[in-house]
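Just so it is clear, none of the values below were taken in a lab; they were calculated from the coordinates. These numbers come from a predicted model, not from an experiment. Here Cβ is always computed from backbone atoms with ideal geometry, including for glycine, and neighbour counts include all displayed protein chains.
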Amino acid sequence: MQNSSIKKIYNTQSYIYDLIFKRFFYPRHRHVINSIDIRPNHKVLDVGVGTGLTLPLYPEFCEVTGIDLSAEMLKKAQDKVDKFDMTHITLKEMDASNLLFEDDTFDFVIATFVISVVPDPVKVIAEMKRVCKKDGLLIIMNHFKSKNKLMGRIEEALNPFTCKIGWKANLCLDELTKKANLEIHRKESLKKIDLWKIVYAVNNK
């Protein structure tokens with residue numbers, strides 16, 4: 001998938017995104033934010049913030065920057081920021097593979113449901129590591145290819161279809177970890193059987 005097609009897909013989805021995905025994404029994002037030690041004046045980067053449906057979960061005492069490739073998704077997010085007067089949140093239209101921030105800017109960099117969307121996941125993670133402080137925390141929440149051989153074959157077969165609606169079904173976590181040199185601290189899922197996994201990695205630059 002290329003950025004142009006990704007923009008088109010998610011600009012279109014922006015009008016129905018919350019209605020379809022909130023029940024799946026909101027509880028997992030809430031779990032992530034509650035599980036990390038965000039302190040006053042900490043800086044958080046939310047990569048692929050989308051329509052901002054989880055922005056109200058961030059504590060007001062931290063500084064949050066949300067980025068997304070889709071202008072239409074960001075318009076929905078800005079509506080929420082304005083509605084709830086979330087002055088601690090800033091939104092920017094930006095390519096995750098080319099983050100326009102200085103090195104060592106953020107204490108936490110969170111990418112939820114975005115790594116399987118971008119054309120080059122390894123490059124995106126490299127950028128996440130660059131803008132995150134040394135020993136800061138990188139959090140990736142995503143669907144990854146199953147290690148079960150049957151499920152893996154099904155995901156490979158479904159991949160051409162899922163790409164058309166905006167995400168890859170066959171992204172392998174082990175391969176990604178090796179290529180991106182991720183130092184994984186822990187992995188977990190919200191449920192015993194879950195399509196999505198949460199990966200916590202210490203920034204080892």
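One table, with the values for the structure above:
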quantity: Pairs from K168/K192; K83/K187; K147/K178; K75/K191; K92/K205; K149/K205 whose Cα-Cα separation, in the structure shown, is over 27 Å; calculated: K83/K187; K75/K191; K149/K205
quantity: Kirkwood Rh, Cα atoms: Rg over Rh of region 110-205; calculated: 0.97
quantity: Gaussian network model of the chain, Cα within-10 Å springs - most flexible of K133, K147, K192; calculated: K192
quantity: With eigenvalues of the C-alpha gyration tensor scaled by 5 and rooted, region 57-160, Å; calculated: 28, 18, 13
quantity: 14 Å beta-carbon shell around P40, net charge (K/R +1, D/E -1); calculated: -2
quantity: Kirkwood estimate for the chain, i.e. one over the average of 1/r between Cα atoms, Å; calculated: 17.2 Å
quantity: Calculated FRET efficiency for the pair I154/F24, C-beta based, R₀ 25 Å, to 0.05; calculated: 0.80
quantity: Order of T51, T162, T112 - criterion: other Cβ atoms within 10 Å of each residue's Cβ, fewest first; calculated: T162, T112, T51
quantity: Residue-count net charge about N98 - beta-carbon cut-off 11 Å; Lys, Arg +1, Asp, Glu -1; calculated: -1
